[in-house]
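What follows is a single structure, written as C-alpha cells, with notes after it.
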Amino acid sequence: MVQRQLPNPVELLELMQFKKPQLDGKKRRLDGALTIDDLRTIAKRRTPKAAFDYTDGAAEGELSLTRARQAFQDVEFHPGILRPAPDVDTSVDILGGPSALPFGIAPTGFTRLMQTEGEVAGAGAAAAAGIPFTLSTLGTTSIEGVKAANPHGRNWFQLYVMRDREISYELTRRAAAAGFDTLQFTVDTPVAGARLRDKRNGFSIPPQLTLGTIINAIPRPWWWYDFLTTPKLEFASLSTTGGTVGELLDAAMDPTISYDDLAVIRDIWPGKIVIKGVQNVEDSVRLRDAGVDGIVLSNHGGRQLDRAPIPFHLLPEVRKAVGDDFTVMIDTGIMNGADIVAAVALGADFTLIGRAYLYGLMAGGRAGVDRTIEILRTEIERTMRLLGVASLAELEPAHVTQLTRLVPVTRAASDVVVG
Ligand SMILES: Cc1cc2nc3c(=O)[nH]c(=O)nc-3n(C[C@H](O)[C@H](O)[C@H](O)COP(=O)(O)O)c2cc1C
C-alpha cells in the first residue's frame, strides 16, 4: 500500500521557484548550445544559405569530411581508474610559445561573409582564451587589424604562394613586421577543389543578389543588417576580379609550387614555419629532413581532394616515422573536445579548428566564438578527468583505439581466412 498525505504547501512552493528568464536573446541562444553541433544548428538558422553552405560544405561528394568526422566518432577510450585528477592542466608549449588549450584557430578565407565581425571576433576570442589565431591569405581583415584584435597573444599567418610571387612575399614580410610568430604554408591547393554547393547556390565573390538570395534573406534580417551597415566585404590583402571562390583560387594559386618556394619563403620568414596539408608519411619525413619546424596533417577540411586520407588515421604512423621531437599538428573533422584529446593521445602536439570556430561565429559573432572555445574546453577537461589524466603529457596511445569501418583492401585481403 502506498502511504498518502495531503500536499504540503511549503514543498509545493519550493517546486515552483522558476529560474529568472534570460532576457538577452544572444546569451540565451548561446548558453542553450551544449555542443558544436548545437552551434551549427543555430548558425544554419541565422546565416544565408550560400554563406552557410560555403562554410559547411566540402568538395565533390564531401566524403573526406564525413569520413574524418566519423573517424573521430569511432574512437574508443580506455580510462584508468582510481587515479584522481581533481585539476587538469590543458596547457601546451607549441612552436616556441604557450597555448592554454591544445588547439588553435585554423586559417579560413572570406570569414566576414559568415558573420560581419569575422577575424576580429576570432582573434579576440583567441586572445581571451590564450590560444593562437591564424589569419588566412584570403582573410577579410588585414594583418594589422588582426594584430590590433589580439595585440598580446599569438598570431599565426597562413600563406598561399600565388602566381604573382611578390604578393605572397610582401604579405609574409608584413606578417613578420606585425609580430606574427608562425607561418603556415598551405600546400594542398594546387587547384581549387570542386565545391559543388557553391556552384549550385550560384555563390560568387563579391556576393550577388538573385531572386533566391532575396527570398532566403527574409528570415535572416540580422545577417543582412550587419552585411549592409558594415564595411564592404572583400579580401583584405588581395584584389579580385570576381567569380566563385574556386575560380578565384584557380586564378591566384600557382600549381607549380615546390620545395624551391619553401626555400625562398624560409629566407624571408624569421619565425617558425609549418607546412599545412601534409597527407602521407613520406612527405612528413621529407619535410622534417628539410628542416621545417612542423607539419599540419590536414586535407583542408575535405575541401580539396575528396576521398583524401583521413588525417586522424595517418597520425600514429606519421608520429612513429618522424620521431618524438618533430612538431605534428592535425586538423579536419574536429567537432568535440574528445576528438582533440584522442589526437593528442595518438601523438599530435596540437590541433586546429576550422568549422567549429565558424559555426560559433555564425551563431553569435564574438560571443559565439567564445562559446565554441568554452564548449571544447569543457569537453577536453571532462574527457581528461574521466580518463584519469591530469595533464596532456600523460595522454598516450594506450588511451585510444581507432575503430575503423574502412579497411584498406590489401589488409582486408590478407586477413581473409579461406577454407
Ligand atoms: C570556410 C573555410 C575556409 C577555409 N579557408 C582556408 C584558407 O584560406 N587557407 C587554408 O589554409 N585553409 C583554409 N581552410 C581549411 C582550414 O584551415 C582547416 O584546414 C579546416 O577547416 C579543418 O577542418 P574542420 O573545418 O573540420 O575543422 C578553410 C576552411 C573552411 C571551412
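I'd like the distance between the alpha-carbon centres of region 14-62 and region 349-407, rounded to an integer number of Å. Cα centroid of region 14-62 versus Cα centroid of region 349-407: 18 Å apart. Taking the three principal axes of the alpha carbon atoms in region 254-353, the coordinate ranges are 38, 30, 23 Å, sorted in descending order. Here is the list for region 141-207: trypsin sites (Lys or Arg not before Pro) lying in DSSP coil, each with at most 14 other C-beta atoms within 10 angstrom of its C-beta, are Arg163. State the dimensionless ratio Rg/Rh of region 266-419 (Rg: radius of gyration of Cα atoms; Rh: Kirkwood radius). That ratio is 1.01, to two decimals.
The count of lysine pairs in region 25-405 with alpha-carbon distances below 18 Å, taking only pairs 8 or more places apart or on different chains, stands at 4. Ordered from longest to shortest, the equivalent ellipsoid semi-axes for region 109-158 are 16, 11, 9 Å, each the square root of 5 times a Cα gyration tensor eigenvalue.
Here the Karplus curve 6.51 cos²θ - 1.76 cosθ + 1.60, taken at θ = phi - 60°, turns the phi angles of region 19-24 into couplings of 5, 4, x, 7, 7, 6 Hz, with x standing for Gly and Pro. Radius of gyration over Kirkwood radius for region 244-301, both on Cα atoms: the Rg/Rh ratio is 1.01. Debye sum, Cα scatterers, the chain, no solvent: what log₁₀ I/I(0) at q = 0.08 1/Å? Computed log10 I(q)/I(0) values: -0.46. Counting only residues at least eight positions apart within a chain, or on another chain, the aspartates and glutamates with an alpha carbon under 16 Å from that of Lys20 are Asp31.
What fraction of the DSSP beta bridges in region 25-405 is antiparallel, stated in percent and rounded to the nearest 5?
25 percent
In terms of the ratio Rg/(2.2 N^0.38 Å) built on C-alpha atoms, what value belongs to region 108-258? Numbers along the way, then the final one.
Values: Rg = 16.2 Å, N = 151, 2.2 N^0.38 = 14.8 Å.
In units of the globular-protein estimate, region 108-258 measures up at 1.10.
Annotation: region 12-103 has a Kirkwood hydrodynamic radius of 18.5 angstrom, from the mean reciprocal C-alpha pair distance.
Exposure proxy check: Lys20, Lys26, Lys232 ranked by fewest other beta carbons within 10 Å? Working shown, then result.
Values: Lys20 5, Lys26 15, Lys232 8.
Starting with the residue having the fewest Cβ neighbours, the order is Lys20, Lys232, Lys26.
So what's region 57-181 giving for Cα Rg divided by 2.2 N^0.38 Å, two decimals?
Details: Rg = 17.9 Å, N = 125, 2.2 N^0.38 = 13.8 Å.
The reported ratio for this selection is 1.30.
The fraction of Cα-Cα pairs per 10 angstrom bin, counted from 0 for region 294-366, comes to 20, 48, 26, 6, 0 percent, rounded to whole percents.
Where a number appears in this text, it was derived from the coordinates with a stated rule and is not lab data. In this text the structure is predicted, and so the values were computed from the model without any measurement. Note that each Cβ is placed from the backbone with ideal geometry, even for glycine, and that neighbours are counted across all protein chains shown.
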